[in-house]
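Just below is one structure, and these are the notes that go with it.
The values are calculated or read from the model by the stated rules, or taken from the named source; none is laboratory data. A quick note: this is a predicted structure, and the numbers were derived from the prediction, not measured. When we count neighbours, we look across all protein chains shown, and the Cβ atoms used for this are built from the backbone with ideal geometry, even at glycine.
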Amino acid sequence: MEETVWERLNRPPARYRTVPLWSWNDKLEAAELTRQIEEMHAAGIGGFFMHARGGLKTLYMSDAWMEAIGLCIEKARELGMEPWLYDENGWPSGFGDGKVPALGPAYQQKRLAYEFAPFRNGTAQTIAYYEITEQGYKLSSGDDADQRSDLRVYYEVNPFYIDTLSKMAVGAFIDEVYEAYWTRFGESFGSAIKGVFTDEPQFARRELPWSFELEAAFEERCGYRLRAALPALFFQTDGSRKARYDYWRCVTAMFTEAYAKQIGEWCGRRGWSATGHVVDEQTLMNQVSSVGDPLAFYEYLQIPGCDWLGRFVGEDPIVPKQVGSAARQLGKKLAITESFGCSGWNVSLRDLKRIGEWQFVHGINLMCQHLQSYSLKGLRKRDYPPSLFYQQPWWEDYRLFNDYFARLTMLLSEGVRQAEVLLLHPIRTAWVEQTGRDASGIRPYHDAFAQLTRWLCQSLIEHDYGSESLIERHGDVRDGRFIVGQAAYRVVIVPPGVAIGEMTFELLQRFVSQGGCLIAFSPYPLWVGGVYDAASERLFAAAVQPGWSREALAARVAEAAPPFVALADGSGSPIASDEINVQTLELDGAMIYYVVNSGDRDFGEIDFYFNRKGSVSRIDLESGEIVPLIWTETEDGARIRLKLYPAQSYVLQLVPGASEPPLKFPDVADVRSVALPLDRAWRLVASDLNSLTLDTCRIRIADGDWSERRPIILIQDQLLRMRRTVPIALEFEFYATPDVAGDREFYLAMEDPASSVIRVNGQPVESTECGWWMDTSFKKVDIRGQICQGRNTILLETEFRLSPSTLEALERAERFESEGNKLTLDTELESVYLLGAFAVSSEAPFTDGERRAVFNEGPFKIAALPDLVMADDLVRQGFPFFAGNARLEQTVRIDQAGWSSASWQFPSAPDAIVSRLWINGREVRAFVWEPYEADITDYLRMGDNRIELELTSSCRNTLGPHHHLKGEVYKVGPDSFKDKPGWTDRDIEPGTNIYLDRYAFVRFGLSEAPRIVLRGGSNEA
């Protein structure tokens, strides 16, 4: 008999487990690939996407590449893991490593442009000429049209990406990549491969797309010629709304059918799943001119997905809810998120959980982590970090995260989600408000849409979005319910808008006639199919029209579709908050309530009210146990009381018709307690090797003069600009105190030491490797006995190589992102690292910054390790560049008599990724997220107690960015380490110098002193 979902909670199968992007970004070696898969398996990861990425030194799609793919498929099958393919060398998907656009202009991406007379750009690529008349823009004809016209509309070509509106071009991409994989592996591994990830396909980015196939498709779909309407896409004219509506509807359909449908159907015929996400999902302003309607695209992916970048959750749930809505409506069991790219090296397991759960409660249910780097060599360590892989000091504890999300995925994907409210997605209003490249007219409608979905979430009203592209294909009205595919809704909400589709309008009329609840907000979408229709005014005039407030909206919705859950604080007041969201499911006869606090607010004890009667239990996602809770019966359901900490969640199971509830909740107010803060100094009993990152040096090119000291990352750019191969010498320096000089364990960690002549303090050093540190490309070189008191120098002599092929690649990379995203360099100059049992100090003061940053001007010197430290921040006490584990110890005496229970508490989240506690030699637990407390009754004894804390850091203070003007950065890209802002710094004025000489670290320690709380006896005694 097959196990039930409840029985599988202890050991969720691979199909529910996380599936990270595995960045293949260096020369692929069989032994290393195998080792890394074994690392993933041990960490509870279920599979991997084999993802070609910048830095790759094995030729993409070559025999060697295919052999590596086959090796990994076989190893995954051996371990019961699920291997997935990725369809591009870099991203965005579609260009087939450049081979598809190389087929010619018909295959290349094109965009519309215009110019007014006098025309200066010639006649090539002209689509049409126009004369400006009193009636508007009149299409010119004749051989002399260019001489007498006022406006020229033409197209521009991007030779580095493909025409994704063209079935022919996308078909060539499928032939180049998908068919190549199937030919190689279909017979032997076809069933083992689970599918293919496609990444950020697009028809443009803030442009108007063009295709050689567009005019014929437009005339067939819309019944008139597109050329006559082209000026209306750029300017306000009579009929511009109709022209724009038809243009974007046609473009969206062509993109969806050429790309998503062809790839989805190709995969489906072979038993594979197409998955991935489109670009620019966040706002209506971006969606229009990139993908048209993202929900239309999701229909054809077996597992639709989204992308979530940075170390924060959204102000609104639009991105995950778009995917979750389409998946639910179309009966797709899984919806995936690619998450955590750009979140930076200090992202914690707590952060990962909080960001992931914010998406999961809004409809996502499968996790793809961005990313796991095969190598951190060179630019790879700055490739939208972090690498959530073996390089991290906390890697041994990563299984906690992966097991947690495996259980969550299993419950959410097997359950049937409940939602009775549909919020119409206003993308078609955005279509008619897009004026050329100007999307500013869309902003008010986007903001209104975002506000409505926030209000519904705050009111715990579970809802989906209604894409009119999906409504056109899967919409219906039955028994007073508005139907989209497999979902039925009692309430439809129409946000402020301008345009609505004909099918949607007709279905809303039927919905209202059958007694459905239609709620509408002004301005109403009166332009049906892009044409004004007086009947729409009558429809919306008859709709429910609440005031513009959360309370008014929630009250009217609740009349037809009351929420499944309500929350109240200790005083009985209802809780309405952006931080708390809920998802309700039915699973094997039980109700599942998934409640998530994705904010930093501690709500204390709150009451949960459910609209079903039954006994309530908590499903522990850390252990898989189902823990009965104390509950009381209410008039129409059940009530429980729980604490809700910051970034905490609950999965609650309600089994109808179960046992009688307890009479009341326990009263602990009169229990006596004593708190013992551990705020004294701790003994530093052990730590991993400390490190000092040397990221500035002097350079000498050939026989030239020595430069001033400069950042190594800017020296790399300087040499790339020279566009030639040159011999160079680099001189790094550091300072040491007398107590660490001499014959002690010291290592120089560097990349590719065999390519350099190494001298320490003028003495040659053998470049023989003695193991690796952090990443297998960071080789250790023994420099024991080479360190002296005072100033020390490390001299590296090497050649900076630039091959002709790399020079060509650099030029292409400046023209389009697809070329830059697959860039591999011949030589990469990087920081070097000093390793040893030492402290790193500075005479400059350490000062605090935002986001737990710590600043220091430097310079730094190495000194003896301290014996005692305060646990608040080890950065200030010798560990500013540290990555690893540090173990602290102190003795606590318990003299208080009469206590019956004891707990350990961190008053706030530690500034450590993992905080592991031992008491009297016995491990209590590892703390990685809330609640930061544990029952330690069985670990304490009267008298002296030995308390040990092992704090685990991230790679952040070693790898940076150390010099960004913001200090700690929550959206990190390659440019975050340099001197000019990139796209991850859009809030900074272009051209601003963002590289500061001062160093920025993050705190490492305990934000507040932990405490032991003893309880027992009575305050009345």
**Request:** Filter region 233-263 down to residues that are under 30 Å from VAL196 (Cβ atoms) and not hydrophobic (A, V, I, L, M, F, W, C) and give me whichever is surrounded by the most Cβ atoms within 10 Å (Cβ to Cβ).
**Result:** TYR259
**Message:** Out of ALA902, ALA897, I need the residue that is surrounded by fewer than 17 Cβ atoms within 10 Å (Cβ to Cβ), farther than 30 Å from PRO845 by Cβ and among the aliphatic types (A, V, I, L, M). Which one?
**Reply:** ALA897
**Request:** Provide a single number: the residues in region 838-848 that are surrounded by 15 or more Cβ atoms within 10 Å (Cβ to Cβ) and in a loop (DSSP other than H, G, I, E, B).
**Result:** 3
**Prompt:** What number goes with the only condition from (1) surrounded by fewer than 24 Cβ atoms within 10 Å (Cβ to Cβ); (2) within 26 Å of ILE500 (Cβ to Cβ) that PRO320 does not pass?
**Reply:** (1)
**Asked** If you go through region 552-564 one residue at a time, do you hit one that is within 25 Å of SER908 (Cβ to Cβ), in contact (Cβ under 8 Å) with a residue 40 or more places away in the chain and either touching a Phe, Trp or Tyr at 6+ places or on another chain (Cβ under 8 Å) or not hydrophobic (A, V, I, L, M, F, W, C) (or both)?
**Response** no
**Asked** Going by the structure shown, is ARG35 surrounded by fewer than 24 Cβ atoms within 10 Å (Cβ to Cβ), assigned by TED's automatic domain parsing to the domain that holds GLU338, free of Cβ contacts under 8 Å to residues at least 60 places away in the same chain and in a helix (DSSP H, G or I)?
**Response** yes
**Asked** When you scan region 915-971 for strands (runs of 3 or more DSSP E) that lie fully inside it, which ones turn up with 2 or more residues that are closer than 15 Å to PRO1010 by Cβ, in contact with a strand residue (DSSP E or B) (Cβ under 6 Å, 6 or more places away or on another chain) and among the hydroxyl-bearing types (Ser, Thr, Tyr)?
**Response** none
**Request:** For region 292-322, name all the residues that are in contact with a Gly (Cβ under 6 Å, 6 or more places away or on another chain), over 19 Å from LYS971 (Cβ atoms) and assigned to a helix (DSSP H, G or I).
**Result:** LYS321
**Prompt:** Among (1) out of contact with any Phe, Trp or Tyr (no Cβ under 8 Å at 6 or more places or on another chain); (2) within 27 Å of PRO525 (Cβ to Cβ); (3) assigned by TED's automatic domain parsing to the domain that holds ALA76, where does GLY223 come up short?
**Reply:** (3)
**Request:** Can you tell me which residue within region 410-433, out of those that are of a type outside the set (A, V, I, L, M) and surrounded by 24 or more Cβ atoms within 10 Å (Cβ to Cβ), is nearest to LEU526 (Cα to Cα)?
**Result:** THR429
**Prompt:** When only residues in region 22-32 that are in contact (Cβ under 8 Å) with a residue 60 or more places away in the chain and not aliphatic (A, V, I, L, M) count, which is farthest from SER777 (Cα to Cα)?
**Reply:** TRP22
**Complete:** Checked LYS822, LYS779 against criteria (touching a strand residue (DSSP E or B) at 6+ places or on another chain (Cβ under 7 Å), of a type in the set (D, E, K, R) and part of a loop (DSSP other than H, G, I, E, B)); the one match is LYS822
**Item:** Leading residue by the ranking (nearest to TRP631 (Cα to Cα)) among those in region 596-611 that are more than 26 Å from the chain's Cα centre (by Cα) and exposed (fewer than 15 other Cβ atoms within 10 Å of the Cβ)
**Value:** GLU605
**Complete:** Within region 923-947, of all residues that are among the charged types (D, E, K, R) and within 29 Å of the chain's Cα centre (by Cα), the one surrounded by the fewest Cβ atoms within 10 Å (Cβ to Cβ) is ARG925
**Item:** Selected residue [buried (at least 17 other Cβ atoms within 10 Å of the Cβ) and more than 29 Å from the chain's Cα centre (by Cα)] from PRO83, PRO118, PRO101, PRO105
**Value:** PRO101
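For (1) over 22 Å from TYR932 (Cβ atoms); (2) out of contact with any helix residue (DSSP H, G or I) (no Cβ under 8 Å at 6 or more places or on another chain), each residue gets a yes or a no:
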site	(1), (2)
LYS333	yes, no
SER339	yes, no
VAL347	no, yes
LEU352	no, no
GLU357	no, no
VAL361	no, yes
ASN365	yes, no
**Message:** Yes or no: region 373-382 includes at least one residue that is in contact with a helix residue (DSSP H, G or I) (Cβ under 9 Å, 6 or more places away or on another chain) and within 25 Å of VAL323 (Cβ to Cβ).
**Reply:** no
**Complete:** When LEU807 is run through (1) assigned to a loop (DSSP other than H, G, I, E, B); (2) surrounded by fewer than 17 Cβ atoms within 10 Å (Cβ to Cβ); (3) not charged (D, E, K, R), the failure sits at (1)
**Fill in**
Matching residues in region 489-511 (free of Cβ contacts under 8 Å to residues at least 60 places away in the same chain and either within 33 Å of the chain's Cα centre (by Cα) or closer than 18 Å to THR453 by Cβ (or both)) number 0
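Check whether at least one residue in region 461-470 is within 35 Å of the chain's Cα centre (by Cα), of a type in the set (D, E, K, R) and more than 23 Å from PRO294 (Cβ to Cβ), and report yes or no.
Checking region 461-470: not a single residue is within 35 Å of the chain's Cα centre (by Cα), of a type in the set (D, E, K, R) and more than 23 Å from PRO294 (Cβ to Cβ).
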**Fill in**
When every residue in region 754-776 that is more than 36 Å from the chain's Cα centre (by Cα) and in a loop (DSSP other than H, G, I, E, B) is compared, the one farthest from GLU39 (Cα to Cα) is GLY762
**Asked** Listed residues PHE521, PHE511; which is among the aromatic types (Phe, Trp, Tyr), out of contact with any Pro (no Cβ under 9 Å at 6 or more places or on another chain) and crowded, with 20+ Cβ neighbours inside 10 Å?
**Response** PHE511
**Message:** Can you pull out every residue in region 803-862 that is within 27 Å of the chain's Cα centre (by Cα) and basic (Lys, Arg)?
**Reply:** ARG815, LYS822, ARG851, ARG852
**Message:** Given the criterion modelled with pLDDT under 95 and not in a loop (DSSP other than H, G, I, E, B), identify the matching residue among ASP739, ASP703.
**Reply:** ASP739
**Asked** Is it the case that region 700-710 has a residue that's in contact with a strand residue (DSSP E or B) (Cβ under 6 Å, 6 or more places away or on another chain) and either crowded, with 19+ Cβ neighbours inside 10 Å or among the acidic types (Asp, Glu) (or both)?
**Response** no
